[in-house]
Amino acid sequence: MAPGKVYLVGAGPGDPNLITVKGLNLLQQADVIVYDRLCSPRLLSFAPAHAQRIYSGKTPEQHCMTQEEINRLLAEQAQAGKTVIRLKGGDPGVFGRVGEEMEYLAERGIEYEVVPGVTSATAVPIYAGIPVTYRGLAASFAVITGHEDPAKGTSGIDWERVALAADTLIFLMGVGRIASIAEHLIRCGRPADTPVALIRWGTWAEQATLTGRLADIAEKVEAANFRNPAVIVVGDVVRLRDRIAWAEKRPLFGKRVMITRARSQASELARRIEALGGEVYEFPVIRLAPPSDWGPVDQALAALETFDWLVFTSVNGVEFFFERMREISVDIRRIRGKIAAVGSSTEEALRARGLIADLRPQQYVGESLFEALAPHLQPGHKILLPRADIARKELPGELRRIGCEVAEIDVYQNQPVFENAEEAVQMLKDGDIHILTFTSSSTVKNFVKILEGEDMEAILDGVTVASIGPITTETARKMGVRVDVTAETHTIAGLLDALIHKTV
């Protein structure tokens, strides 16, 4: 058996976009991932489906696995020929105990590699509007543990030197010892009115910042019940926050958004949410798949030049239709009829293939498409309608009513998905989801199916429910799901515009 290898990878402080390119590439090749509490769950979605995911999270008060157990686990998995990713919050070399893991692996002759990450020591403060250095104000900074091993009995921190060693002092995981930290710093010469900031869950949706002075910060922490994980910043740079804080000004800051659409479709919505300051939680309740029988599609493609109109009602219909044409070598020049598209996204998908839609209605629903199409149709016109297996029947019904010949072909299936349902439901119950999005009727139906036996009204209490359009909203209401936001323009951009308007 070929030997495996361990990669000790920094995951960054929480925001999944802060992982390095190399770290992300390695995740996509993992057989085993051993991950910490401060690693974004979204990073795990980039791993292969077969990859084993093992939680090894620690808090200052409790360890899921001891360091010795983690060391043995890494070695055992590598010796079994696996590619092992040890995913550690922040940078593994900054209080990440990576040296102990390296030493353990080296002693056993196990190959390993370290991939540095973005450290919370600098990333978390800047997300709160606090640069750790600033010209004319702070020319140096020091990073200090705020969580020494109590079993040592004596402190390993030389407070006499640390207190005045750098303009900015950064303590990691020290909230429970803030009173002691402040007392030591004041006693060793740091002025009592030195500004202090504590940033909790920095770069996450729960990010919160508490400021004060060395003289009163412990009292403020106790009054606010401020708890770990948090980064403590001591120094004059804290005063800059009021002028240059940026992350908290983004319209979806502090919001964790559950995306229920298929994972293959989620990237655009996720990217836009993150650009607006929101945090994404992917919970796909549908999967897009080819039809169980390509026969009807292939039959229609064999007669492609006989159709007067090709009508596309979704981006997915475009993608699956033209992929099948490519697979069975149907020349695109055989399209003789005109083309209609529902929505700008569908139109853009056609443009990407060199085709310009002849018709696009203003409203992105089938009824509006029929109204726009009707003046251009005559009895006997042949219409090809590539769509999903569960597509609504109103459009083909209206077309047949006026005498058109309609070929409905299922070019893809919407399959229900129930992966990670228990985790997603628990997050809703715990109030960890702030916004729930539905982008189609099928996402609503499958979501409701997952919640069978649960008190849906109670679970969604306090959650903003957003729908991409009136048809999806009507489906939700029929199924007992309250909808707070319906997009006026039935696109991803329209959905987010409606959400911003709701949350501002």
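Length gained on full extension, residue 501 to residue 249, computed as 0.36 nm times the residue gap minus the Cα-Cα distance: 89.3 nm.
From the C-alpha coordinates alone, can you work out the Kirkwood hydrodynamic radius of region 1-130, in Å?
Details: mean 1/r = 0.0684 Å⁻¹.
The Cα-based Kirkwood calculation yields 14.6 Å.
In order along region 200-211, phi translates into HN-Hα couplings of 9, 6, x, 6, 9, 4, 7, 3, 9, 10, 10, 10 Hz, rounded to whole numbers, per the Karplus curve 6.51 cos²θ - 1.76 cosθ + 1.60 with θ = phi - 60° and x for Gly and Pro. For region 122-248, the antiparallel share of DSSP beta bridges with both residues in that region comes to about 75%. In this structure the amide hydrogen of residue 258, modeled in the peptide plane, comes within under 5 Å of the amide hydrogens of 281, 434, 435, 436, 437, none closer than 5 places in sequence on its chain. Using a simple spin-label model with points 7 Å from Cα along the Cα→Cβ vector, what separation in nm is obtained for residue 336 and residue 402? So the label points at residue 336 and residue 402 sit 2.2 nm apart. Once the gyration tensor of the Cα atoms in the chain is diagonalised, the equivalent ellipsoid follows with semi-axes of 53, 27, 19 Å, ordered largest first.
Take every DSSP beta bridge whose two residues both sit in the chain; close to 30 percent of them are antiparallel.
For the chain, what does -39500 (n - 2.57) per DSSP helix run (n ≥ 4), summed and divided by total residues, give at 222 nm, in deg cm²/dmol to the nearest 500?
Details: 20 runs with 167 residues, N = 504.
Taking each H run of at least 4 residues, the total per residue is -9000 deg cm²/dmol.
Scanning residues 5 or more positions from residue 129 or on other chains, those with amide H under 5 Å from its amide H are 246, 247, with H placed 1.01 Å from N in the peptide plane.
If a spin label sat at a point 7 angstrom from the Cα of residue 97 along the line to its beta carbon, the backbone N atoms of region 19-44 nearer than 12 Å would be those of 36-37. Using the Cβ-Cβ distance between residue 161 and residue 79 with R0 set to 35 Å, the FRET efficiency works out to roughly 0.20.
Loop-located trypsin sites (Lys or Arg not before Pro) across region 60-141 with a Cβ neighbour count of 15 or fewer within 10 Å are 97, 108, 135, with loop assigned by DSSP. The calculated FRET efficiency for residue 298 paired with residue 458, based on their beta-carbon distance and R0 = 51 Å, is about 0.55.
Taking 30 Å as the cut-off for C-alpha to C-alpha distance, list the pairs among 249/478; 220/249; 88/429 that go past it. Don't jump to the answer; show the numbers that get you there.
Numbers: 249/478 37 Å; 220/249 24 Å; 88/429 27 Å.
Over 30 Å Cα-Cα: 249/478.
P(r) tail for region 122-248, what percent of Cα pairs lie past 25 Å? In whole percent, the share of Cα-Cα pairs in region 122-248 beyond 25 Å is 17.
Counting other Cβ atoms within 10 Å, which trypsin sites (Lys or Arg not before Pro) in region 402-504 have at most 14 and lie in a DSSP loop?
Numbers: sites: 429, 445, 449, 477, 478, 482, 502; in loops: 482.
Those that pass, being in a loop and sparsely packed, are 482.
All other residues with a Cβ under 12 Å from the Cβ of residue 305 taken together, and with Lys, Arg as +1 and Asp, Glu as -1, what is their net charge? Spell out each step's value before the answer.
On the way: positive: 333, 334, 336, 382; negative: 308, 331.
Spelling it out: positives minus negatives among the neighbours equals +2.
Out of the DSSP beta bridges found with both residues in region 5-118, what percent are antiparallel (nearest 5)? Please list the in-between numbers first.
Numbers: 2 of 20 bridges.
In region 5-118, approximately 10 percent of DSSP beta bridges are antiparallel ones.
Taking the Cβ-Cβ separation of residue 55 and residue 239 as r and a Förster radius of 56 Å, what is the calculated FRET efficiency to the nearest 0.05?
Working: r = 39 Å, r/R0 = 0.70.
Rounded to the nearest 0.05, the efficiency is 0.90.
Could you check the spin-label model distance between residue 66 and residue 187? Points 7 Å from the Cα along Cα→Cβ, value in nm. Taking the two extended label points, one gets 3.2 nm. For region 26-36, backbone phi angles converted through the Karplus equation (6.51, -1.76, 1.60; θ = phi - 60°) give residue-by-residue couplings of 5, 4, 6, 10, 6, 9, 9, 10, 10, 10, 8 Hz, Gly and Pro being listed as x. By the rule of a C-alpha distance below 19 Å, with chain neighbours fewer than 8 residues away ignored, the lysines paired with residue 382 are 338, 393.
Put simply, the amide H of residue 114, placed in the peptide plane, has neighbours under 5 Å in 8, leaving out anything fewer than 5 places away on its chain. A cut-off under 10 angstrom between Cβ atoms defines the neighbours of residue 84, and their net charge, with Lys, Arg +1 and Asp, Glu -1, is +1. With the simple spin-label model, which puts each label point 7 Å out from Cα in the Cβ direction, the residue 22 to residue 482 separation comes to 5.0 nm. Note that region 289-416, at 4 °C in a medium of 1.567 mPa s, gets a Stokes-Einstein diffusion coefficient of 89 µm²/s from its Kirkwood radius over C-alpha pairs.
Comparing Cα centroids, region 53-123 and region 426-504 end up 39 angstrom apart.
Taken together, the values in this text are just the output of simple stated rules run on the coordinates, not laboratory data. Fair warning: this is a prediction, and the values are worked out from it, not measured in the lab. Note: ideal-geometry Cβ built from the backbone for every residue, glycine included; neighbour counts use all protein chains shown.
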